[in-house]
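Asks: Quick one: this structure, given as structure tokens, is what I'll be asking you about.
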Ligand code: GAL
């Protein structure tokens, strides 16, 4: 098989879905395929949860139905995104090997009957899964309809952390490789505290529940280990596939609001193409902004290469407390946000709404109501729009701003013992991103070790845990002329979760020109007033400016008179520090000032739709494409000229994008 990494190749932007034909009879399959063609579907994910159908009893394989459906789809010109089928273990396997079942932190098992009930470190699960993958890959690895391999499904969605004896053993092995000797582990975990010093590796377990708070160093390493274990599982399936097939291999990531199990920066290199599942989360204050953030993060993981939106929803999901339907046009806007931000595929979970099972109230392309439904008509219109944007595929998003994102910082921020349980990492990230979004700026979300040279502005919100070399590369970039905004709680601990003493902010301290003596979080509901008239919440700090210029001070609260916003000339650049959580409009004003000083611009000039207008440019070889997504209730005016590809009209200079509309303008490159 080939040594070069295969690329996902498709004509235009793929339009597709998860399809679960196991739930339907062959007569329904024919209707499904006819309607898929009507909607413009050209990529279908199948066999995601196929195991109990393919291997109903140990070692007995039945591939007839899967082969049949693949042929039918192929005849209709629909390409296959083929699941390995290992996402959920069949009941017979669990009966034979009950130790496969994952164990929760309180030592209780989770049982068969849902999905993903397997321990990522279970050798029995691994070998049974790989036997199935070999059978699937051997049969279908060179099928002409095969576009892509889909390993398992959303690895770690439910089983990211397992605390069973197999996980204990694997964790010890991982720790020995990381530390080499037990003394190094004791030093890293700070086990001198509370008499936790270990003498033997065998004394260490996964961090099951304790009567007090657990060791934060152990917890952090357990998160790293758990991410690595699932990556190892991915690699083992991919390795088996690779010996039978040249098709690209991926798995669907979950860069979607609350899911924090896997450090996807470390997964990216193993994927032939990055794929993501995203669902609007109505528990958040602004789900649409989070969608844009998730899409930008997915592009970041993909190194600014085009990526695939593997799942999103036509309307409501079934797993939030109140599952809101999408308004007319919202599904189209959501889909195009992903495309604007680098997706070369728009796929849905799922094709036909199930009539049984846990997800029967989840929306689908073909709803329970059938084709006589507004949502079906919007799906078909979206299929046409995606078709009309064919030439956008393969182009790259342009951005002048980077936002630093870190799973390690997330895990460390939210450890059991912290200055304020009201402080969430993602909230800080979303607040900073939301302010940039409100300004209509395009943001690349990057890893802490990113190369910042192509940016004008770098924002690092709440980067609590930071490795010294990564902090240095950011401050060196500022020194060379860059502009950065770093926000409170950043640079507090090193990679072992050890506090940088001598004033918080550790490795950022000198560049920021601020000496932070003490954190002063405030109670829920407390509003802090700043000397500029701005208001803030959540957090303040008792600090003094050493070399920084004070832009705003707290005029009340526990850090009264201390600086709240500072800027420091650092070499040829400028390092800004924000020591509180500004309210949204004040945060937006601050970022308007900082980005203005850094010379950052939105993709095109605009008026109206403030805060609810997305403007993103994807650049190709002969043309660039400006996406304008207007979430507002009123029209917005934009300044861009070229062919508007959705309406087929030539537009010039200043023109209006109607309320709720999406427009894509093709510009000629000089
Ligand atoms: C994803 C999953 C799908 C389906 C969907 C529902 O987590 O991959 O199988 O469950 O969510 O929103």
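Asks: Multiply the residue separation of residue 524 and residue 416 by 0.36 nm, subtract the distance between their alpha-carbon atoms, and state the gained length in nm to one decimal.
Replies: Between residue 524 and residue 416, full extension yields an extra 37.0 nm.
Asks: Just order 82-89, 366-373 by mean Cβ neighbour count inside 10 Å, highest at the front, would you?
Replies: Taking the mean over residues of other Cβ atoms within 10 Å, the ranking is 82-89, 366-373.
Asks: Based on the Cβ-Cβ distance of residue 650 and residue 607, what FRET efficiency does E = 1/(1 + (r/R0)^6) give at R0 = 22 Å, to the nearest 0.05?
Replies: Using R0 = 22 Å, I get an efficiency of 0.60.
Asks: If you average the sequence gap of Cα pairs under 8 Å that are 6 or more apart and divide by the length of region 529-670, what percent do you get for the contact order?
Replies: The normalised contact order for region 529-670 reaches 16 percent.
Asks: While we're here: Using only Cα atoms, what is the ratio of the radius of gyration of region 460-522 to 2.2 N^0.38 Å?
Replies: Working: Rg = 11.2 Å, N = 63, 2.2 N^0.38 = 10.6 Å.
Relative to the 2.2 N^0.38 Å estimate, region 460-522 comes out at 1.05.
Asks: Report the label-to-label distance for residue 283 and residue 555 in nanometres (one decimal), using points 7 Å from each Cα along the Cα→Cβ vector.
Replies: 3.8 nm
Asks: Could you tell me what a quarter of the Cα convex hull surface of region 292-357 works out to, in nm² with one decimal place? Let's see the in-between values first.
Replies: Working: hull surface 21.2 nm².
Convex hull of Cα atoms, orientation-averaged projection: 5.3 nm².
Asks: Could you pull out which residues in region 251-287 have an amide N less than 19 Å from a spot 7 Å beyond the Cα of residue 535, following the Cα-Cβ vector?
Replies: 285-286
Asks: For region 392-445, taking Cα atoms only, what is the radius of gyration to one decimal and the Dmax to the nearest whole Å?
Replies: Over region 392-445's Cα set, Rg and Dmax evaluate to 14.6, 48 Å.
Asks: If eta is 0.692 mPa s and T is 37 °C, what Stokes-Einstein diffusion coefficient results for region 329-398, Kirkwood Rh from Cα pairs, in µm²/s?
Replies: 247 µm²/s
Asks: I would also like to ask the following. Over the chain, what relative contact order in percent results from Cα pairs under 8 Å that are six or more residues apart? Walk me through the numbers on the way to the answer.
Replies: On the way: 1440 pairs, mean separation 70.0, N = 670.
The normalised contact order for the chain reaches 10 percent.
Asks: Two decimals is fine: what's Rg over Rh for region 204-260, C-alpha atoms, Kirkwood radius as Rh? Mind dumping the intermediate values first?
Replies: Numbers: Rg = 16.3 Å, Rh = 14.2 Å.
With Rh from the inverse mean 1/r over Cα pairs, Rg/Rh is 1.15.
Asks: Measure out, as a whole number of angstrom, how far apart the alpha-carbon centroids of region 351-402 and region 119-180 sit.
Replies: 30 Å
Asks: Take the alpha carbon atoms of region 241-313, find their center, do the same for region 325-347, and report the distance between the two centers in whole angstrom.
Replies: Going from one Cα centre to the other spans 15 Å.
Asks: Output the peptides 481-488, 419-426, 236-243, 285-292 sorted from most to least packed, where packing is the average of other Cβ atoms within 10 Å over each peptide's residues.
Replies: Result, highest mean Cβ count within 10 Å first: 481-488, 285-292, 236-243, 419-426.
Asks: Rounded to whole Å and sorted largest first, what semi-axes of the equivalent ellipsoid does the C-alpha gyration tensor of region 401-598 yield via the square root of 5 times each eigenvalue?
Replies: 22, 19, 17
Asks: To continue, here is another question. Evaluated at 20 °C with a viscosity of 1.002 mPa s, what Stokes-Einstein diffusion coefficient in µm²/s does region 8-162 have when Rh comes from the Kirkwood expression over alpha-carbon pairs? Please report the intermediate quantities before stating the final value.
Replies: Details: Rh = 16.5 Å.
Diffusion coefficient, whole number: 130 µm²/s.
Asks: Semi-axes, largest first, in whole Å: what does sqrt of 5 times each Cα gyration tensor eigenvalue give for region 46-123?
Replies: 30, 14, 8
Asks: OK, next. Mind jotting down the distance between the C-alpha centroids of region 466-488 and region 511-556, whole Å?
Replies: Spelled out, the Cα-based centre of one part sits 21 Å from the other.
Asks: Further, regarding this structure: What full-extension length gain, to one decimal in nm, is calculated for residue 480 and residue 58 as 0.36 nm per residue of separation minus the Cα-Cα distance?
Replies: Length gained between residue 480 and residue 58: 145.7 nm.
Asks: Run the simple label-point estimate for residue 467 and residue 632 please: 7 Å along Cα→C-beta, distance reported in nm.
Replies: Here the answer is 4.3 nm between the modelled labels.
Asks: Three principal axis extents, largest first, for the C-alpha atoms of region 247-324, in Å?
Replies: Largest to smallest, the principal-axis extents are 38, 23, 22 Å.
Asks: Just need the Rg to Rh number for the chain, please, alpha carbons only, Kirkwood Rh.
Replies: On the Cα set of the chain, Rg over Rh gives 0.97.
Asks: Follow-up. When a footprinting reagent is the concern and you count Cβ atoms within 10 Å, what order do 110, 560 take, fewest first?
Replies: If I rank by nearby Cβ atoms, fewest first, I get 560, 110.
Asks: Taking the mean number of other Cβ atoms within 10 Å as a proxy for protection, how do you rank 272-279, 594-601, 626-633 from highest to lowest?
Replies: Packing proxy ranking, top to bottom: 272-279, 626-633, 594-601.
Asks: Continuing with the same structure: If only Cα atoms are counted, what is the Rg of region 496-567, and what is its Dmax, in Å?
Replies: Considering region 496-567 through its Cα atoms, Rg and Dmax are 12.5, 39 Å.
Asks: Say R0 is 45 Å: what FRET efficiency, to the nearest 0.05, do residue 396 and residue 28 get from their beta-carbon distance?
Replies: On the way: r = 41 Å, r/R0 = 0.91.
Once the sixth-power term is evaluated, E becomes 0.65.
Asks: In the calculated pair distance distribution of region 606-668, what percentage of Cα-Cα distances lie above 17 Å?
Replies: Of all Cα-Cα distances in region 606-668, 32 percent exceed 17 Å.
Readers should treat all values here as calculations from the given coordinates under stated rules, not as data from a laboratory. Values in this document were obtained by computation on a predicted structure and should not be read as measured data. All Cβ positions, even for glycine, are placed from backbone atoms using ideal geometry, and neighbour counts span all protein chains on display.
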